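First the structure, in the form of structure tokens, and then the observations on it.
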Amino acid sequence: MSKAAKVVAALAVADLTERQGRSEHKRLSEEIRHHDALYHDKDAPEISDAEYDRLRQRLKAIEAKFPQLVDPLSPTQQVAPLPSTAFAKVRHARPMLSLDNAFTDEELQGFLDRLRRALERETDLKPEDEIALACEPKIDGLSISLRYEDGEFTVGATRGDGTTGEDVTANLKTIKDIPHTLKGKAPKALDVRGEVYMERHAFQAMNKRQEEAGDKSFANPRNAAAGSLRQLDTTITASRPLRFFAYAWGEAEPRSWKTHTEYLELLRGWGFRVNPLSQLCGTPEEVRAFYRQMAVERPSLPYDIDGVVYKVDRIDWQERLGFVSRAPRWAIAHKFPAEQARTRLNGILIQVGRTGALTPVADLEPVNVGGVMVARASLHNADEIERLDVRAGDMVVVQRAGDVIPQILGFVPEERPKKTAKFDFPTHCPCPLATPVKAEEGGVVRRCSGGLECPFQQVERLRYFVSRNCFDIEGLGGTHIENFFNDGLLKIPGDIFRLPGRVDEIRKREGWGDLSVRNLVAAIEARRTIALDRFINALGIPLIGEATAKILAQEYGDPDSWLAEMLAAARERKHKPDDVKKEKAAVEIGPSYGRLCNVEQIGVTTADAMCAFFSEGHNVEIIEDLRRQLTIEGVTRRVVADDAPLKGKTVVFTGELSTMTREAAKARAEELGAKVTDSVSKKTSLVVVGENAGSKARKAAELGVQTLTEEEWAKLAHG
Ligand code: IVH
């Protein structure tokens, strides 16, 4: 930094001249961008979050004093990049396709018949010839494409949308099963494709470590593999037990192999792991036997498989068969049915959610269902228990499919013990206050009436507050919140941000050491600056989730306006007559209430839930307490120029577009000043009708709304 710049950097913002402000603005913007890159792309920050926040605050103060310096590229105008955008995009040389599924033997037969018909028609296959199929277990992981140039690993990417994936090369290089250099003679350019996955025992051990450290645990090995690969910090990926099986290719120049089986042999020679269970089957009987064999071996395999894959072995035949809508006609996945097991139902527990809803949960004798131990399963509500008629002591059937939460299918009548009793849904909350439970009008939900006082709800609200889509405070998972709450360290959300001042107390607690306390403090400090939509979501207002929070943040822009408007709406709402159910009429009750009811996708019911929340003094205090401790960042609202060609118009896209994606078309319409919505009404100005459009196109015709073909739209939008 030059001497002059140093002097300017030391001045208070109030004392800066415009010229000094301009140079300081430039310097700070560059510095912030530099630290953004270190933090998000390299995951190697050089300054503390508090220092970083000071830089941003100073920049904001300069912009407040000299509004002419604000430009769209200023760091203050950009929403912090999410980790998902931190990976570079990679376009696959050949698309990464998915597979069609067969669930039944008839569907498998249908596939075999289609193959035979097409090959007899298009090749010299005779009715008496067999079609050899390469059969492989279908690994439940995530597919990856690895680019090799002259035998050297260059770029590795996730599947993404099939056309473009994310560049995770550095992370893939930490996986021992992935060779950096191919052994022997390899094609000049080769994309090796296969599955990254985690073995079950390694997954369980890793989850245990994560839980003990208060970090995120994963629902199943596949999520764990995906989460571990998409880490910005390569050392984290390196510490995770990831494995790789190769089974396909993308581009291959030159390609010397003529069958899939030959290719698998070459893969082995180059140094890849190829699933040893893979087998070439000559007849449909052999194919079926392979499927049965895999179903039998499934529970004892070290990794999850969710079916088997059959591929036509001859590549010239594969090429003849080609693709239909993103899936090859020459391959199919034959899926296994969901895994089931029997076990004893020890009892039915009641969980209290953050809004007081009581959920019955089956307490099961732990049982292995397809490789995962299950001890709990949701019974959803009183009606579901009634429907299943399950009782404590019953032998029940538990099912688990993929990452779906385990489900109770029913009980085994022959094994019902002599004396069982129907479950009595509790009339009082299981919390120490034991407040009465109320059945919700018209609904199946039963709720604790303790509201803000119920300690179980308080804990759940705090848990929600720190969860992934809200404040995302790592290291403050599950049991920590509960323990801190029980010992009085946490009561309301704002207390979380006072924890850094109580490190001595935390350090004395069992299971906490210097390192974990330091990590916790860092995780909390990192969230002192938060985007408005996350903040709104974190408050856990009934009916207001992630999507609604985003819409509200867009509509109101900054925290001050949002709060002022919500308080005003709540005041106005007090005088609302009961019969007002329409958004239009809501305007008469007051401007703020009317505005809220008329925000896209909100409506009177959600607005009322919001107003009810803001009429509770306690809630307002919670928000004020947080505001004193946090920097809540508003969103940059889209400003539409007065002469924008579609200003004031509402546009709906329906059907499939062939020359652009739906997202791109929407973005272009918004750029031109239009509002894009999902449903057609009298208010709609234009409906763009793509291929296979259905009811929306019909509705537009009925209402006499103008429609455009994709081509007409392209002309209008792009000239
Ligand atoms: S072949 C063009 N082989 O299943 C064919 N896929 O449902 C490309 N998978 O995205 C896929 N094991 O992630 C193939 N032995 C195997 C597989 C396999 C698992 C996954 C893969 C793919 C998905 C399709």
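The values are calculated or read from the model by the stated rules, or taken from the named source; none is laboratory data. Keep in mind the model is a prediction, meaning the values are calculated, not measured. Because the Cβ atoms are built from the backbone with ideal geometry, glycine has one as well, and the counts that use them run over all protein chains shown.
Here are the numbers for the structure shown:
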read-out: Region 223-251, residues that are over 18 Å from residue 174 (Cα atoms) and out of contact with any Lys or Arg (no Cβ under 9 Å at 6 or more places or on another chain); value: 223
read-out: Residue in region 447-456 that is without any contact (Cβ under 8 Å) to a residue 60 or more places away in the chain and within 30 Å of residue 517 (Cα to Cα) present; value: yes
read-out: Some residue of region 208-218 being surrounded by 17 or more Cβ atoms within 10 Å (Cβ to Cβ), away from the ligand (no atom under 16 Å from the Cβ), outside any loop (DSSP other than H, G, I, E, B) and more than 20 Å from the chain's Cα centre (by Cα); value: no
read-out: Failed criterion for residue 468 (all others in (1) of a type in the set (D, E, K, R); (2) farther than 30 Å from residue 505 by Cβ; (3) out of contact with any helix residue (DSSP H, G or I) (no Cβ under 9 Å at 6 or more places or on another chain) hold); value: (2)
read-out: Hits in region 260-271 (condition: within 15 Å of the ligand (Cβ to nearest atom) and either hydrophobic (A, V, I, L, M, F, W, C) or outside any helix (DSSP H, G or I) (or both)); value: 264, 267
read-out: Qualifying residues in region 143-173 (those that are part of a loop (DSSP other than H, G, I, E, B) and closer than 21 Å to residue 274 by Cβ) - the one farthest from the ligand (Cβ to nearest atom); value: 151
read-out: Residues satisfying the stated conditions in region 359-393, i.e. in contact with a Pro (Cβ under 7 Å, 6 or more places away or on another chain) and assigned to a strand (DSSP E or B); value: 369, 373, 374, 375, 377
read-out: Which listed residue is under 31 Å from the mean Cα position of the chain (by Cα), over 19 Å from residue 555 (Cα atoms) and not β-branched (Val, Ile, Thr), from 665, 674; value: 665
read-out: Residue satisfying condition, being touching a residue at least 12 places away in the same chain (Cβ under 8 Å), more than 30 Å from residue 391 (Cβ to Cβ) and within 13 Å of the ligand (Cβ to nearest atom), within set 326, 288, 298; value: 326
read-out: Single residue of region 123-142 satisfying the filter (within 13 Å of the ligand (Cβ to nearest atom) and in a loop (DSSP other than H, G, I, E, B)) that is farthest from residue 103 (Cα to Cα); value: 141
read-out: Subset tally (residues that are of a type outside the set (D, E, K, R) and in a loop (DSSP other than H, G, I, E, B)) for region 245-259; value: 3
read-out: Restricting region 241-257 to residues that are touching a helix residue (DSSP H, G or I) at 6+ places or on another chain (Cβ under 6 Å) and surrounded by fewer than 21 Cβ atoms within 10 Å (Cβ to Cβ), the residue that is farthest from residue 192 (Cα to Cα); value: 241
read-out: Residue satisfying condition, being under 25 Å from residue 112 (Cβ atoms), among the aliphatic types (A, V, I, L, M) and part of a loop (DSSP other than H, G, I, E, B), within set 287, 274; value: 274
read-out: Test result for residue 640, assigned to a loop (DSSP other than H, G, I, E, B) and among the aliphatic types (A, V, I, L, M); value: yes
read-out: Of all residues in region 301-323 being among the charged types (D, E, K, R) and surrounded by fewer than 19 Cβ atoms within 10 Å (Cβ to Cβ), the one that is nearest to the ligand (Cβ to nearest atom); value: 319
read-out: Test: residue in region 403-414 that is in contact with an Asp or Glu (Cβ under 7 Å, 6 or more places away or on another chain) and surrounded by 20 or more Cβ atoms within 10 Å (Cβ to Cβ); value: yes
read-out: Among (1) among the β-branched types (Val, Ile, Thr); (2) within 16 Å of the ligand (Cβ to nearest atom); (3) over 21 Å from the mean Cα position of the chain (by Cα), the one test that residue 235 misses; value: (2)
read-out: Region 264-290: number of residues that are of a type outside the set (A, V, I, L, M, F, W, C) and over 24 Å from residue 229 (Cβ atoms); value: 9
read-out: Filter result (loosely packed, with under 15 Cβ neighbours inside 10 Å, within 26 Å of residue 340 (Cα to Cα) and of a type outside the set (Lys, Arg)) within region 415-438; value: 415, 417, 421
read-out: Residue list for region 517-559, restricted to those being out of contact with any Gly (no Cβ under 7 Å at 6 or more places or on another chain), of a type in the set (S, T, N, Q) and farther than 22 Å from residue 628 by Cβ; value: 548, 554
read-out: Total residues in region 30-72, condition in contact with a helix residue (DSSP H, G or I) (Cβ under 6 Å, 6 or more places away or on another chain), at pLDDT below 80, outside any helix (DSSP H, G or I) and under 20 Å from residue 636 (Cβ atoms); value: 1
read-out: Residue list for region 400-429, filter: modelled with pLDDT of 90 or more and polar (S, T, N, Q); value: 420, 427
read-out: Selection within region 89-109 - of a type in the set (A, V, I, L, M) and near the ligand (Cβ under 10 Å from one of its atoms); value: 96, 97, 99
read-out: Residue match in region 499-509 (condition: in contact with a helix residue (DSSP H, G or I) (Cβ under 7 Å, 6 or more places away or on another chain), surrounded by fewer than 20 Cβ atoms within 10 Å (Cβ to Cβ), modelled with pLDDT of 95 or more and not aliphatic (A, V, I, L, M)); value: yes
